[in-house]
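Peer 1: One structure is given below, represented as C-alpha coordinates, and several questions about it will come after.
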Amino acid sequence: TAPLATEPGGLMDGNMVYSDRTYPWFGIPAEYAGSEYIRTFNSDKNGGTVDVKYEVTISRPATVWITVDDRIPAEWNSGGTINSQQDAADRVTAAFVTAGTFVDTGIDIYVHENDTTDRSMSVFAAELPAGTYVFGSMDSGKNFYNIGAIE
(Lines give C-alpha, C1' and ligand atoms only; values in the text may rest on other atoms or scores of the structure.)
Protein backbone atom coordinates (compact mmCIF):
# COMPACT_ATOMS: atom_id res chain seq x y z
CA THR A 1 0.00 0.00 0.00
CA ALA A 2 1.31 3.45 -0.83
CA PRO A 3 1.75 5.52 2.34
CA LEU A 4 -0.63 8.36 3.08
CA ALA A 5 0.86 11.85 2.76
CA THR A 6 2.57 13.23 5.87
CA GLU A 7 1.24 16.51 7.22
CA PRO A 8 3.61 19.33 8.21
CA GLY A 9 4.29 20.17 11.83
CA GLY A 10 5.55 16.87 13.20
CA LEU A 11 3.84 15.25 16.17
CA MET A 12 0.72 17.22 17.01
CA ASP A 13 -2.96 16.78 17.71
CA GLY A 14 -4.81 16.14 14.45
CA ASN A 15 -1.86 14.85 12.41
CA MET A 16 -2.18 11.26 11.26
CA VAL A 17 -0.63 8.47 13.32
CA TYR A 18 -0.14 5.76 10.67
CA SER A 19 0.69 5.54 6.98
CA ASP A 20 -2.26 3.25 6.31
CA ARG A 21 -5.01 4.59 8.63
CA THR A 22 -6.67 7.96 8.96
CA TYR A 23 -6.41 7.97 12.76
CA PRO A 24 -5.24 11.34 14.15
CA TRP A 25 -3.14 11.95 17.27
CA PHE A 26 -4.81 13.36 20.38
CA GLY A 27 -3.39 14.57 23.70
CA ILE A 28 0.15 15.41 22.60
CA PRO A 29 2.01 17.01 25.54
CA ALA A 30 4.00 20.22 24.99
CA GLU A 31 7.39 18.54 25.44
CA TYR A 32 6.70 16.20 22.49
CA ALA A 33 4.75 18.58 20.25
CA GLY A 34 6.44 19.13 16.91
CA SER A 35 8.91 16.28 17.28
CA GLU A 36 9.82 14.28 14.20
CA TYR A 37 8.19 10.87 13.91
CA ILE A 38 7.93 7.93 11.54
CA ARG A 39 4.43 7.09 10.39
CA THR A 40 4.58 3.31 10.48
CA PHE A 41 1.96 1.04 8.95
CA ASN A 42 -0.55 -0.17 11.54
CA SER A 43 -1.06 -3.32 9.46
CA ASP A 44 2.57 -4.28 10.25
CA LYS A 45 1.33 -5.52 13.64
CA ASN A 46 -0.31 -8.66 12.27
CA GLY A 47 1.00 -12.19 11.82
CA GLY A 48 2.80 -12.77 8.57
CA THR A 49 4.61 -9.44 8.85
CA VAL A 50 6.72 -10.33 11.90
CA ASP A 51 9.89 -9.72 9.90
CA VAL A 52 9.06 -6.02 9.48
CA LYS A 53 11.93 -3.68 10.29
CA TYR A 54 12.22 0.10 10.33
CA GLU A 55 15.72 1.50 9.81
CA VAL A 56 16.07 5.01 11.20
CA THR A 57 19.12 7.28 11.00
CA ILE A 58 19.60 10.28 13.27
CA SER A 59 22.37 12.74 12.46
CA ARG A 60 22.99 13.94 16.03
CA PRO A 61 22.27 12.78 19.59
CA ALA A 62 18.56 12.77 20.41
CA THR A 63 15.89 11.44 22.68
CA VAL A 64 14.39 8.66 20.58
CA TRP A 65 10.90 7.52 21.54
CA ILE A 66 8.52 4.75 20.62
CA THR A 67 4.88 4.22 21.49
CA VAL A 68 3.51 1.01 23.00
CA ASP A 69 -0.24 0.34 23.00
CA ASP A 70 -1.51 0.26 26.60
CA ARG A 71 -3.46 -2.93 25.82
CA ILE A 72 -0.18 -4.83 25.52
CA PRO A 73 0.63 -7.52 26.70
CA ALA A 74 -2.99 -8.67 26.32
CA GLU A 75 -3.46 -11.05 23.38
CA TRP A 76 0.20 -10.92 22.34
CA ASN A 77 0.70 -13.35 19.48
CA SER A 78 4.27 -14.42 20.21
CA GLY A 79 3.60 -17.41 22.45
CA GLY A 80 3.73 -15.75 25.85
CA THR A 81 7.18 -14.13 25.72
CA ILE A 82 5.79 -10.63 26.21
CA ASN A 83 4.49 -10.11 29.74
CA SER A 84 4.64 -6.30 29.99
CA GLN A 85 4.88 -3.15 27.93
CA GLN A 86 8.58 -3.04 28.86
CA ASP A 87 9.01 -6.49 27.27
CA ALA A 88 7.36 -5.14 24.10
CA ALA A 89 9.64 -2.07 24.00
CA ASP A 90 12.68 -4.31 24.60
CA ARG A 91 11.71 -6.63 21.75
CA VAL A 92 11.26 -3.78 19.26
CA THR A 93 14.67 -2.26 20.16
CA ALA A 94 16.62 -5.50 20.77
CA ALA A 95 18.78 -5.13 17.64
CA PHE A 96 20.60 -2.07 18.97
CA VAL A 97 20.21 -1.64 22.77
CA THR A 98 20.08 -3.84 25.85
CA ALA A 99 16.77 -4.59 27.54
CA GLY A 100 15.58 -1.73 29.72
CA THR A 101 17.33 1.03 27.74
CA PHE A 102 14.02 2.40 26.49
CA VAL A 103 12.02 3.29 29.60
CA ASP A 104 8.43 4.34 30.16
CA THR A 105 8.34 8.14 30.39
CA GLY A 106 4.99 8.15 32.16
CA ILE A 107 3.54 10.04 29.19
CA ASP A 108 0.55 8.70 27.32
CA ILE A 109 -0.56 9.95 23.91
CA TYR A 110 -3.67 8.83 22.11
CA VAL A 111 -4.72 7.40 18.77
CA HIS A 112 -8.18 8.82 18.01
CA GLU A 113 -9.75 5.83 16.25
CA ASN A 114 -13.32 7.17 16.16
CA ASP A 115 -15.79 9.42 18.01
CA THR A 116 -15.90 7.09 21.02
CA THR A 117 -12.42 5.52 21.06
CA ASP A 118 -9.09 7.11 21.97
CA ARG A 119 -6.44 4.37 22.35
CA SER A 120 -3.79 5.15 24.93
CA MET A 121 -0.16 4.65 23.89
CA SER A 122 2.67 4.81 26.44
CA VAL A 123 5.81 6.64 25.36
CA PHE A 124 9.11 4.82 25.97
CA ALA A 125 12.32 6.78 25.34
CA ALA A 126 16.12 6.58 25.40
CA GLU A 127 18.99 9.00 24.79
CA LEU A 128 20.86 7.76 21.71
CA PRO A 129 23.95 9.02 19.87
CA ALA A 130 23.91 9.78 16.16
CA GLY A 131 23.62 6.58 14.16
CA THR A 132 21.38 4.14 12.36
CA TYR A 133 18.97 2.01 14.37
CA VAL A 134 16.84 -0.94 13.26
CA PHE A 135 13.52 -1.34 15.04
CA GLY A 136 12.06 -4.84 14.90
CA SER A 137 8.71 -6.57 14.77
CA MET A 138 5.78 -6.26 17.14
CA ASP A 139 3.34 -9.04 16.32
CA SER A 140 0.76 -8.08 18.95
CA GLY A 141 -2.53 -7.51 17.15
CA LYS A 142 -2.80 -4.15 18.94
CA ASN A 143 -1.83 -0.75 17.53
CA PHE A 144 1.65 -0.82 16.01
CA TYR A 145 4.38 1.34 17.47
CA ASN A 146 5.59 4.70 16.16
CA ILE A 147 9.13 6.04 16.28
CA GLY A 148 10.10 9.65 16.96
CA ALA A 149 12.97 11.85 18.04
CA ILE A 150 13.46 15.05 20.00
CA GLU A 151 16.73 16.98 19.94
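The values are calculated or read from the model by the stated rules, or taken from the named source; none is laboratory data. The structure displayed is predicted, hence computed values, not measured ones. Counting neighbours? That spans all protein chains shown, and the Cβs are built from the backbone with ideal geometry, glycine included. With ligands, DNA and RNA removed, areas are computed over all heavy atoms of the protein, side chains included. Shrake-Rupley method; radii C 1.70, N 1.55, O 1.52, S 1.80 Å.
Peer 1: What do you get when you divide the Cα radius of gyration of the chain by 2.2 N^0.38 Å, with N the number of residues?
Peer 2: For the chain, the normalised Cα radius of gyration is 0.96.
Peer 1: Would you please name the chymotrypsin sites (Phe, Trp or Tyr not before Pro) within region 89-130 that are DSSP coil residues with at most 16 other C-beta atoms within 10 Å of their C-beta?
Peer 2: In loop regions of region 89-130 (DSSP not H, G, I, E or B), the sparsely surrounded chymotrypsin sites (Phe, Trp or Tyr not before Pro) are PHE96.
Peer 1: What does the extension gain come out to for ALA74 and ALA95, with contour length at 0.36 nm per residue minus their alpha carbon separation?
Peer 2: Difference between extended and current length: 5.2 nm.
Peer 1: Next question, about the same structure. Can you give the extra length, in nm with one decimal, that the chain gains between ALA5 and ALA30 once fully stretched, where that is 0.36 nm per residue apart less the Cα-Cα distance?
Peer 2: 6.6 nm
Peer 1: Another one. State in Å² the accessible area per residue of the chain; use a 1.4 Å probe, count heavy atoms of protein chains only, and round to the nearest integer.
Peer 2: Counting only protein heavy atoms, the per-residue value for the chain is 47 Å².
Peer 1: Here is a further query. Between ILE58 and MET12, with labels modelled 7 Å along Cα→Cβ, what's the label distance in nm to one decimal, could you check?
Peer 2: 2.2
Peer 1: Once the other residues with Cβ under 10 Å from the Cβ of GLU151 are scored (Lys, Arg +1; Asp, Glu -1), what is the net sum?
Peer 2: 0
Peer 1: If you average the sequence gap of Cα pairs under 8 Å that are 6 or more apart and divide by the length of the chain, what percent do you get for the contact order?
Peer 2: Across the chain, relative contact order equals 35 percent.
Peer 1: Follow-up. Roll a 1.4 angstrom probe over the protein heavy atoms and tell me the percent of accessible area of the chain that is carbon or sulfur.
Peer 2: Carbon with sulfur: 52 percent of the solvent-accessible area.
Peer 1: Next up: According to a simple spin-label model (label point 7 Å from Cα along Cα-to-Cβ), what is the distance in nm between GLU127 and ASN114?
Peer 2: 4.4
Peer 1: Would you look at the GNM of the chain, springs on alpha carbons closer than 10 Å, and say which of ILE58, ILE66, ILE109 moves the most?
Peer 2: Largest GNM mean-square fluctuation: ILE58.
Peer 1: Okay, moving on. Take the chain, mark every one of the trypsin sites (Lys or Arg not before Pro) that falls in a DSSP loop and has at most 16 other Cβ within 10 Å, then report the longest stretch left between them, sites excluded.
Peer 2: Answer from the scan: 72-151.
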